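Peer 1: Quick one: structure below, then a few questions.
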Amino acid sequence: MITDPWFFAVALPAIVLTGLSKGGFLGGIGGLAVPLMSLVISPVQAAGIMLPILIAMDWIGVWAYRRDWSGPNLKIMLPAATVGILVGWAAAAYVTEAQVRLLVGLIGAVFTLDHWLGLRPRGLAPGPKVGKGSLWGALAGFTSFVSHTGGPPFAVYMLPQRLPNAVYAGTAVMFFTVVNIIKVPPYLFLGQFNAENLKTVAVLMPIAPLAILAGVWLTRRVPQEPFYNIAYACLFVISVKLVWDGLRALALGI
């Protein structure tokens, strides 16, 4: 088990942020978990520790949002996400986490700035689209496999639909529940679930249900307009953080 106190100093808030995000609140801010933990341990080990915790949170979210999710969107995105995961597995030896973080961060930042600045004319909120849903679903699966940063690509496709808070959050929960389960065999194959990681998971796990239930409570009580303002703001924050991390890692050659 990891015993470094500095690890737990960053891991505990990372789990809380992830739980709030998984519960539907704070948008994709849960994607900060791996970057935060990477301040103390390697990103690969951080991803291995986070996956079992994410899966535990997922099932609490499934129960909480069992009646609130968009079936048409999931039918489009999940097959594409499966392809993205397989591509991520196949490309694991060739694509660095720095490159993935930079790509995801740029996409999320440009999307958010476009929304805020009104660079394109606004029409009615779009419904599910096979082409766009497949593209962003595949990218969400790929980036989720590499560094658990599937939130920004998911948000880019889903946020413009302006779904009710609970439906947006529930669709995200159902989507990433399936995505995270699909990721288990490749992670096993890559040796991510070793004894040290699993012992560390056992210590952090009790925080997970409390954090996600807090996120569910907030999502169901915050009005829709502030909810989406918070979601876009959090998407921008995580995107800028990912761009910074990616550029820094590329510059240092790590």
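Peer 1: Just wondering, is there one or more residues in segment 30-37 that are at pLDDT 80 or above and of a type in the set (Gly, Ala, Ser)?
Peer 2: No: segment 30-37 contains no residue that is at pLDDT 80 or above and of a type in the set (Gly, Ala, Ser).
Peer 1: Could I ask something else about it? Of all the residues that make up segment 138-163, how many are at pLDDT 90 or above and on the phi > 0 side of the Ramachandran plot?
Peer 2: 0
Peer 1: Residue by residue through segment 153-190, note down the ones that are of a type in the set (A, V, I, L, M, F, W, C) and over 19 Å from Leu54 (Cβ atoms).
Peer 2: Hits for segment 153-190 are Val156, Leu159, Leu163, Ala166, Val167.
Peer 1: So, one more: Quick one: is Leu135 modelled with pLDDT of 90 or more, more than 22 Å from Leu51 (Cβ to Cβ) and surrounded by fewer than 24 Cβ atoms within 10 Å (Cβ to Cβ)? Reasoning before the result, please.
Peer 2: Values: modelled with pLDDT of 90 or more: yes; more than 22 Å from Leu51 (Cβ to Cβ): yes; surrounded by fewer than 24 Cβ atoms within 10 Å (Cβ to Cβ): yes.
Answer is yes for this residue.
Peer 1: If you don't mind, there's one more thing I want to ask. List, please: which pairs have Cβ atoms under 6 Å, are six or more places apart or on different chains, and start with a residue in segment 11-40 that is closer than 22 Å to Ala202 by Cβ and among the hydroxyl-bearing types (Ser, Thr, Tyr) and end with one that is at pLDDT 70 or above and surrounded by 24 or more Cβ atoms within 10 Å (Cβ to Cβ)?
Peer 2: Matching pairs, first to second residue: Thr18/Ala33; Ser38/Ala46.
Peer 1: Looking at this structure, is Ala208 part of a helix (DSSP H, G or I), over 19 Å from Leu17 (Cβ atoms) and among the small types (Gly, Ala, Ser)?
Peer 2: When the stated conditions are applied, Ala208 does not pass them.
Peer 1: While we're here: Could you please find all residues in segment 211-227 being crowded, with 19+ Cβ neighbours inside 10 Å and either at pLDDT below 80 or outside any helix (DSSP H, G or I) (or both)?
Peer 2: Matches in segment 211-227: Phe227 only.
Peer 1: Moving on to the next point. Which of the residues spanning segment 240-254 are surrounded by 18 or more Cβ atoms within 10 Å (Cβ to Cβ) and at pLDDT below 80?
Peer 2: Leu242
Peer 1: I need a count of the residues in segment 3-28 that are farther than 17 Å from Leu213 by Cβ and at pLDDT below 80.
Peer 2: 3
Residues are listed down the side, and each one gets a yes or a no for (1) of a type in the set (Gly, Ala, Ser); (2) over 20 Å from Asn165 (Cα atoms):
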position: Met205; (1), (2): no, yes
position: Ala211; (1), (2): yes, no
position: Val216; (1), (2): no, no
position: Arg220; (1), (2): no, no
position: Pro223; (1), (2): no, no
position: Cys234; (1), (2): no, no
position: Val240; (1), (2): no, yes
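Peer 1: Could I ask something else about it? For the subset of segment 139-168 comprising residues that are among the β-branched types (Val, Ile, Thr) and over 21 Å from Ile15 (Cα atoms), which member is nearest to the chain's Cα centre (by Cα)?
Peer 2: For segment 139-168, the residue satisfying everything is Val156.
Peer 1: If you don't mind, another one. In segment 172-198, how many residues are in a helix (DSSP H, G or I), surrounded by fewer than 22 Cβ atoms within 10 Å (Cβ to Cβ) and either modelled with pLDDT of 90 or more or aliphatic (A, V, I, L, M) (or both)?
Peer 2: Residues meeting the conditions: 9.
Peer 1: Then there is this: Condition first: part of a helix (DSSP H, G or I), modelled with pLDDT of 90 or more and in contact with a helix residue (DSSP H, G or I) (Cβ under 6 Å, 6 or more places away or on another chain). Can you find one or more residues in segment 91-102 that meet it?
Peer 2: Among the residues of segment 91-102, not one is part of a helix (DSSP H, G or I), modelled with pLDDT of 90 or more and in contact with a helix residue (DSSP H, G or I) (Cβ under 6 Å, 6 or more places away or on another chain), which makes the answer no.
The values are calculated or read from the model by the stated rules, or taken from the named source; none is laboratory data. Note that the structure is predicted; figures quoted are calculated from it, not measured. No Cβ is skipped: glycine too gets one built from the backbone with ideal geometry, and neighbour counts run over all protein chains shown.
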